[in-house]
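Coordinate-derived values only; no laboratory data. Everything quoted here is computed from the prediction, not taken from an experiment. Cβ atoms come from the backbone with ideal geometry, glycine included; neighbour counts cover every protein chain shown.
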Amino acid sequence: MEDISLQSRIDVLSEQQVLIQDSAVAFIAQDEELKKTRDNRFVQPGFDQQTWKEMAELGWLGFLIPEQYGGIGLGFDDLHTVLIQLGKGLVPAPFVATAVIAASVLVNGDNEAVKKDRLPALVAGEWKPALAWQEARGSMCVKAEQVKVVDGKLSGRKIFVPDAGGADDFIVSAASAEGTELYLVNKDAAGLSIDYEQRVDGGFYGQLSFDRVAVGDKVAGIALAEQVLAAALDTGRVAASVELLGVMTRALEITVDYTAQRVQFDKPIGSFQALQHKMVDLFILSEISRSVVLQTIGLFDSQTSAEGRAAAASQVKARCSDAALQITKSAIQLHGGIGYTDEANIGLYLKKAMYLASWLGNASAHRARYAELTL
Amino acid sequence: MTDEQAVNEYNVMDDDTFRTMVHDFYVENYPDELRFSPHRMHWDEIGDWYLILSKKGWLTPAWPAEYGGMGLDANKLLIFMDVGESYGVGRTPDMGITMVGPLLIQHGSQEQKDHYLPKILAGEYIWCQGYSEPGSGSDLASLQTSAVRDGDNYIVNGHKTWTTLAMDANMIFMLVRTNKDGKKQEGITFLLIPLDTPGITVRPIINLAMHDEFAEVFFDDVKVPVVNVVGGENNGWTIAKALLGHERIFIGSPKFAILAMSRLKSMAKSVSLFDDPLFVERYTRLQLDIEDLFASYKRFVEVLKRGGSIGPEVSMLKIWNTETQQRVTELMMEAASENGGIQDGIETGDGLVRPAGEVIASRPTTIYGGSNEVQRNILAKAVLRLPT
C-alpha cells in the first residue's frame, strides 16, 4: 500500500529510527491480511501470545526500560516508529498497557528489588503486569480512594484494566491511612475476582474486585505513588495517541486506494471532487495529528515539568482521538455498503480507534484538562 | 552592540531573552494608536513603522543574514511573530519582504538582487502583485495581459485586479502573456514594472470592510525594459509557482489565527465568558486547533531551514489556518450577541475588539492565494494522487 503520509516528503529520520521502522514495517507485513487480528477477537485473553513473544525477541518490550534492568533504554524518538506500525497493523498485543504504562510505573517506583527481579522478565516477554488504577468511569484522578489497603489487605474495585486476562500480576493503587500507595498483586491471589467486559475491537477490559486480598511487594510509597502514576498515564496517553496515528494513517491509505479502484458511473469514484475534498480534509487531519505527535514525543524525551507533560499529553490525545474517529468513520462512508460488513478490514480500524480514543480519557475530557492546565 | 553583530546572535539567545527583547522594542517604538488595527493599513499610516524596522534591521526576519535579513531559525521566527501578534503590531505593505525578496534570492540574477533587495530593505521600493485578472481567478494560467516584444522593451496591455495596496506601491511584479500559442502555462513571463511608468492607471476598489485595500490596475501601451524579466521569457509560470509557495507558507503561518484568538481572549475576559463551560469548551477546541497548526507550521519551516524545499503539501497549512481563523471570528461574533451586528467594537481594557469587523475581515483569507477549493484540488492530485 502506498505511503501517502508526509513523513517521507518532509520529515528526517535518524539512521537508527530508519532501522527500527524497517523492522516494524516487516513485522506487520507478516499479517497484512489481519488474520491474527481477527483470530484473537472476542476470545480470551484478546491478544496473541505468540506475537507478544516475537515482540520480546525484537527487544521492543524493553524500549523504555533502562539497560541496567535488561531494557534498551531508548526514548519515544525511536519507539514512536514502532507504535505507528502497531497501529497500522492492528497488532493484537497490549503493548501500550504493559510495555509502556506498567513498565513506566515499575521503572519510576522506588522498590529496587522489584525492578531488578521483575523488569528483565517483562522485557523477555515472560511476565506481564497490568496497571489497575481507575475507580470511576471518565476519571483521570490518580489518588486512590475507593480501593483501600488495611493491614496489608486490599478491598474495593478497579475498572477498565486493559487485557487483564493475559496479565500475570496487577499493579494496584490503593489508599492507606497516609495516602496512595502502589502494590503488586498476584492474579491468582485469594479474594480477587475478575469480570471481563468485551471491547468493540475484540479485546477485553477487566473489572477487578478485591475482598481482603493480600498485597505483594510495594512498588511505590505515598511519597511517590501519585506522581509515578500520573507520569505513567501521561506517557501512556502519548503512546496511545501514536498508535492512533498509525490506525488513522492506514485507514486513510486503504480508503484512498479503494476509491481509486472502485468504478461507478464509468469512472473511479476517487476522481469525483466531492470525495476528493473529503479525503483531503481527512489527510489534513492525519498530518496535523502527526505534527502534534512529533512535537510531543520530542517534549517527552527532554526535561519537561509534570504539568507541561500533562498539558502536552492532553493536547495530543485530544487531537489523535478526534482525528482517528473522524477518519475511520468517514472511511466507512467512503467505502459504501462494503464498509459496513465485518468482512471488510476497514471496520476493524474504526473499532480500534473507538477503543483507543475512549481509553485514558477521550477527546472532550482531554480538552477540559488542557483548559484547566492552561487557561 | 551594532545590528550587524546582533544578526548572528539572535539564534543563540535563550527564548525568553529574545522574546523580552522583541517585546520591549515594540513597546518603545510601535505607535499605540496603531495597535490591533481593524484594517490593512496604508503607507501613510504604517510607513514610518516600516522605516523603523528597516533601521533596526528587523524588517526581514526570515531572509538570510547575507541579504540583510535577521536569518532567524524556525523557533525564533515563531517567537518573533508571536510577540508581534500578541502586541497587535500591524502588517506593513510587505509584498517585497515576503514575496519578491525571497523570490529574487532564489531566482533573480545577481544584478537584480543587487538592485532590488537593498531598495526593499530601505523602503524605497514598495510592491504590489499583478496576478489575477477579471477573467482569470482560480484559473490563473488563462491570463490575457500581454507583453509584446519591441526591441529592448515589451509593450504591455491589459487589466489586473485584486491588487492589494496598489495605491501605496511604486513597483508591481506581475505575470504577462508573451506567447499565445501552445500550452497556456508555457507562454507566461514574470515581469517587474515601476508603477510610475506612463500608461498605468490604478483604481481603488472598496471591499466588504468598506476599505480601499485593493485596486484594479490598467496597462495601456506600457513600455517595460526586457531586463525587468525574472527567470527568463516564458518561464513565468514556474517562477509564479515558486512564489505561490512562498505566499502559501506565509498564509499558512499561524499569525492571523493567533491574532484573532488573542482578540477573542481579550473579549472573553472583559465580559466574563470564561465562566460559561460551553464557551470554554469551544474556546479550547479552537485554541488546540491553533496550537496544533503551530506544531505543523514548525514542521514545515524546519524543512526550509534545513535547506529543503516545500512542495504542494503546504496547501494544508493554508486551509487549516484560514478556516480556523474564520471559526475564531465566528465564535467572537456569537459570543458578542447583538454586538455581532454592529460596526463598532467592544472596549475590553486591552483595546477594542470588533466581532463583526473580524468576521468580515477574515472572509477573503479562504479566497486569496488560491481559493481553499483550489488548494484541495492540488492536494488531491499532487499528494493523495487521486485519479482524474
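When DSSP assigns beta bridges and you keep just the ones with both residues in region A:129-222, what percent turn out antiparallel, to the nearest 5?
85 percent
Which order results if A:Ile72, A:Ile10 are arranged by neighbouring Cβ count within 10 Å, fewest first?
Ascending Cβ contact count within 10 Å gives the list A:Ile72, A:Ile10.
Of all the Cα-Cα pairs you can form in region B:90-160, what percent are over 14 Å apart? Show your work: numbers first, answer last.
Details: 1714 of 2485 pairs.
The proportion of pairs with Cα distances above 14 Å equals 69 percent.
When a/c reaches 1.5 or more, the comparison of a/b and b/c decides; with that in mind, is region B:1-90 rounded, prolate or oblate per its Cα gyration tensor?
Verdict is prolate for region B:1-90.
Please identify every one of the GluC sites (Glu not before Pro) in region B:70-129 that sits in a loop by DSSP and has no more than 16 other beta carbons within 10 Å of its own beta carbon.
B:Glu124
Along the Cα→Cβ direction, 7 angstrom out, place labels at A:Ile194 and B:Asp220. What is the inter-label distance in nm?
Reported label-point gap for A:Ile194 and B:Asp220 is 8.8 nm.
For region B:253-347, run through the trypsin sites (Lys or Arg not before Pro) and keep only the ones in DSSP coil with at most 16 other Cβ atoms within 10 Å of their Cβ. Let's see the in-between values first.
Details: sites: B:Lys255, B:Arg263, B:Lys265, B:Lys269, B:Arg282, B:Arg285, B:Lys298, B:Arg299, B:Lys305, B:Arg306, B:Lys318, B:Arg327; in loops: B:Arg306.
Taking region B:253-347 and a limit of 16 other Cβ atoms within 10 Å, the loop trypsin sites (Lys or Arg not before Pro) found are B:Arg306.
Inside 10 Å of the C-beta atoms of B:374-386, what's the mean count of C-beta atoms belonging to other chains?
6
Sticking to Cα atoms, compute the Rg of chain B to one decimal and its Dmax as the biggest Cα-Cα distance, whole number, in Å.
Rg and Dmax of chain B, Cα atoms, are 21.3, 72 Å.
Spelling out what I want: for every residue of region B:157-170, take phi, set θ = phi - 60°, compute 6.51 cos²θ - 1.76 cosθ + 1.60 (Karplus), and round to whole Hz; glycine and proline get x.
Karplus-based 3J(HN,Hα) across region B:157-170 equals 9, x, 8, 9, 9, 6, 8, 5, 6, 4, 5, 8, 8, 10 Hz.
Looking at region B:173-234, which trypsin sites (Lys or Arg not before Pro) are in a loop (DSSP not H, G, I, E or B) and have at most 15 other Cβ atoms within 10 Å?
The qualifying sites are B:Lys180, B:Lys183.
Dividing the Cα convex hull volume of region B:134-232 by residue count, how many Å³ per residue is that?
Looking at region B:134-232, the number lands at 98 Å³ per residue.
Compute the Rg/Rh shape ratio of the protein assembly as shown: radius of gyration over Kirkwood radius, all on alpha-carbon atoms.
Rounded to two decimals, Rg/Rh equals 1.02.
Counting only Cα, what are the radius of gyration and maximum Cα-Cα distance Dmax of region B:193-321, in Å?
Taking only Cα atoms of region B:193-321, I get Rg and Dmax of 21.2, 64 Å.
Please report A:Asp234, B:Asp82, B:Asp73 as a ranked list, fewest other C-beta atoms within 10 angstrom at the top and most at the bottom.
Values: A:Asp234 24, B:Asp82 18, B:Asp73 13.
Least to most surrounded, the residues fall as B:Asp73, B:Asp82, A:Asp234.
Along the charge dipole of chain B, which of B:Pro277, B:Ile378, B:Ala169 sits closest to the positive end, that is, farthest toward it, with unit charges on the beta carbon of Lys, Arg, Asp and Glu (+1, +1, -1, -1)?
About the Cα centre, the residue reaching furthest to the positive side is B:Ile378.
With just the Cα atoms defining each centre, how far is region A:189-230 from region A:280-304? Give it in Å.
Region A:189-230 and region A:280-304 have Cα centres spaced 31 Å from each other.
How big is the equivalent ellipsoid of chain A along its three axes, where each semi-axis is √(5λ) from the Cα gyration tensor, reported in whole Å from largest to smallest?
Gyration-tensor ellipsoid for chain A: 36, 21, 20 Å.
If the convex hull of the alpha-carbon atoms of region A:13-65 is projected onto planes in all directions, what is the mean projected area in square nanometres?
Quarter of the Cα hull surface area: 4.6 nm².
Could you list the square roots of 5 times each eigenvalue of the Cα gyration tensor of region A:129-222, that is, the equivalent ellipsoid semi-axes, sorted largest first and rounded to whole Å?
Sorted largest first and rounded, they come to 21, 15, 11 Å.
Based on alpha-carbon centroids, what's the gap between region A:91-112 and region A:159-180 in Å, whole number please?
So the separation of the two Cα centres works out to 12 Å.
I need the calculated FRET efficiency for the pair B:Ile105 and B:Thr17, taking r as the beta carbon distance and R₀ as 41 Å, to the nearest 0.05.
Numbers: r = 29 Å, r/R0 = 0.70.
After rounding to 0.05, the efficiency reads 0.90.
For region B:205-224 and region B:136-180, what is the separation of their C-alpha centers, rounded to whole Å?
Between the Cα centre of region B:205-224 and that of region B:136-180, the gap is 13 Å.
Over region A:226-374, what portion of Cα pair distances is larger than 26 Å, expressed as a whole percent? Present the calculation step by step, with values, prior to reporting the outcome.
Values: 3422 of 11026 pairs.
Beyond 26 Å sits 31 percent of the P(r) for region A:226-374.
To the nearest whole percent, what portion of all C-alpha pairs in region B:251-388 is separated by more than 23 angstrom?
Within region B:251-388, distances greater than 23 Å cover 41 percent of Cα pairs.
For A:Leu61, B:Leu304, what ranking results if the residue with the fewest other Cβ atoms within 10 Å of its Cβ goes first?
By the 10 Å Cβ count, ascending: B:Leu304, A:Leu61.
If R₀ is 35 angstrom, what is the calculated FRET efficiency for the pair B:Arg149 and A:Gln273, using the beta carbon separation as r and rounding to 0.05? The partial results should precede the final answer.
On the way: r = 40 Å, r/R0 = 1.14.
FRET efficiency, B:Arg149 to A:Gln273: 0.30.
Using the beta-carbon distance between B:Glu373 and A:Asp117 and R0 = 60 Å, what value does 1/(1 + (r/R0)^6) give for FRET efficiency, to the nearest 0.05?
0.45
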